[in-house]
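Please read the structure below before turning to the comments.
The values are calculated or read from the model by the stated rules, or taken from the named source; none is laboratory data. Owing to the predicted nature of the structure, the values given are computational and were not obtained by experimental measurement. Neighbour counts are summed over all protein chains in view; Cβ atoms, including those assigned to glycine, are modelled from backbone coordinates with ideal geometry. When the accessible area is computed, the model is the full protein with side chains, heavy atoms only, and any ligands, DNA or RNA have been set aside. Shrake-Rupley method; radii C 1.70, N 1.55, O 1.52, S 1.80 Å.
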Amino acid sequence: MTNPSGTLWWQRGVVYQIYPRSFMDKSGDGIGDLRGMIDKLDYLAWLGIDAIWFSPVFPSPMADFGYDVSDYTNIHPDFGTLADFDELLAKAHKHSIKILLDLVPSHTSDRHPWFIEARQSKDSPKRDWYLWHDPKPDGTPPNNWLSYFGGPSWTMDEGTHQYYMHNFLPEQPDLNYRNPEVLAAMQESIRFWLARGVDGFRIDVIHCTIKDDQFRDNPVNENYEEGELSYTMQRRVYSESRPEVHEMVVKPFRQVFDEFEERVSIGEIDYFLPLPKLMEYYGDPQPSGQGNELHLPFNFKLLVTPWNAHDVKAHVDEYDAAIPPHGWPNYVMGNHDYMRVATRVGQNQVRVAAMLLLTLRGTPTIYYGEELGMTNVEIPQELVQDPWGINVPGMSRDPVRTPMQWDERHNAGFTLPAVHPWLPLAPDYQTVNVAAQQADPASTLNFYKTLLAYRKATPALHSGSYVPLDAPPGLFAFIREYEGQRRLVVLNFESKAISAAFNLGAAKGKIALSTMMDGEREVELGSLEIRPDEGVIIELS
């Protein structure tokens, strides 16, 4: 149902991303699981988030920790059972928390029954479900496409003497969406979970689902510099991001979502896609006022934007202005693939980053542990689990996937004290943890809780317009407004106090929330001083 502002739950709500292996282990095997999530629903409800999205929990050989799916309609035993999932779904809904799953449609595991059948022979009924090609006369791969995880995107299948294509690991063969049977099978997988009550999906690398039908070589990237990742040597215009993806995959997927009431599709697309191309993923306007493709094409630009007021404002202004009338913006500051926010911006700016994320127009996604100020954890190479980090030393994503820090006990309360967690704990877990920060009214965790509650109670913040303001260097200031309710947000990206004057038709305002958490106070808008590393939300009459 809609609220009085007319926005839907996924527009006014806040998404919280969980990396399942690292959130809470109830089985005692050192790996987080569904029953661990059930156990922590009270915490998530206390924090004030609206939806949980978690990385894949489907059956998988775990070559890429779940992003190599061997069954799209079941649960991996490491995480529990379908019954556990149903219990999580029901209890989350009782807490008014939505559940979003992670769909991996571009490729399967090489142990998926579809691929096992496909590689039996060239005449297999499933052969055309994947991308096969004869070798060149000299036996080499059919073209120059490169895998994200190193080496060619082609692996020889000795049994049939053809290459199969994979954008990622050889254990992750890519599906052929030019075959309508593949599309229909994936639509049925989506339908299975939505009918079960799931509230939506985050869809992994949806731009990778269609490849060039002529298998042309990717052109050279003229801007490649020595030492950069090997896959960036090419402009990946034929191995992914084909214009046909909209009609052949994205719109048909959306049709399944539209069979159900108020479900959301969130798409992971090329992190560096130009904005006009990103906007295409909203699709065409419909009588409903929405598009006919993704509800939310993920906006990752804040993950890589230099942390200063000028560059952040430039991105936000450009992005917000580009959103079509039938689209809705969204922002991500951290996830399971990129540096943690506290490591990137520094502890002094963690709350400024949180206030930015949770006051901009659009749907925010919080990565687990960000509410504590968790940082990247250095993982010795011999303990690296991430296949990317094993194949390409220095590229491990393990540092941002370490166990959630619940309390000061051994293993931070994530698993039993005598158990070895799947990844090492952060060395600061005895002081940076949920229990310690819940007990401290001025903690980062309690700041997040306060900010989330204020956002939820303030239509201007969750449903209002965005108007950027001119401000002195180092400050980013903007107005959020809804039906006469106005909030001025001012963020200081510097470690020094900055004075500003705003002419907003009112001489005074009231600071409703500061990152310093030192109470409300009236301020003069014509002579406003923002303290070092401070962000404020000011109520305007």
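Data overview
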| quantity | calculated |
| --- | --- |
| Selected from ALA501, ALA442, MET24, residue furthest toward positive end of dipole (the chain; charges at beta carbon) | ALA501 |
| Per-residue SASA entry for MET156, accessible area with 1.4 Å probe, Å² rounded to 10 | 40 Å² |
| Using θ = phi - 60° and Karplus 6.51 cos²θ - 1.76 cosθ + 1.60, couplings along the range 44-59 (whole Hz; Gly, Pro as x) | 5, 5, 4, 5, x, 7, 10, 8, 10, 10, 10, 4, x, 10, 6, x |
| Accessible area expressed per residue, the range 417-483, with surrounding protein chains retained (probe 1.4 Å, Å²) | 43 Å² |
| Coordinate range along principal axes, alpha carbons of the range 332-455, Å, largest first | 44, 31, 22 |
| Label of the coordinate-derived value, Cα extents along the principal axes in Å, listed as (1) 83, 46, 45; (2) 79, 61, 40; (3) 77, 53, 50 | (3) |
| Within the accessible area of the chain (1.4 Å probe), percent carbon and sulfur | 52 percent |
| Shape call, the range 101-162: gyration tensor on alpha carbons, a/c limit 1.5 | oblate |
| Integer Hz, Karplus 6.51/-1.76/1.60 couplings in order for the range 262-273, x for Gly and Pro | 6, 9, 10, 10, 10, x, 7, 10, 2, 4, 10, 5 |
| Accessible surface, 1.4 Å probe, highest first, among residues HIS462, HIS133 | HIS133, HIS462 |
| Normalised per residue, the volume of the convex hull around the Cα set of the range 112-243 (Å³) | 138 Å³ |
| Kirkwood-based shape ratio for the range 414-462, expressed as Rg/Rh from alpha carbons | 1.18 |
| Semi-axis lengths, Å, the range 501-541, gyration tensor of Cα atoms, sqrt of 5 times eigenvalues | 17, 11, 7 |
| Dipole magnitude (debye, nearest 20) for the chain, charges at Cβ of Lys, Arg, Asp, Glu | 1220 debye |
| Value of Rg to Rh for the range 211-263 (Rh from inverse mean 1/r over Cα pairs, i.e. Kirkwood) | 1.22 |
| Relative contact order (%) - criterion: Cα under 8 Å, at least six apart; region: the chain | 12 percent |
| Other-chain or far-sequence residues with amide H under 5 Å of ASN376's (modelled H) | ARG340, THR343 |
| Under 5 Å, built H, 5+ apart or other chain: amide partners of TYR67 | none |
| Length-normalised contact order for the range 226-327 - Cα pairs under 8 Å, 6+ apart - percent | 26 percent |
| Rounded accessible area per residue of the range 110-210, 1.4 Å, Å² | 38 Å² |
| Angle between the chain longest axis and helix 180-196 axis [Cα atoms, degrees, rounded to 10] | 40 degrees |
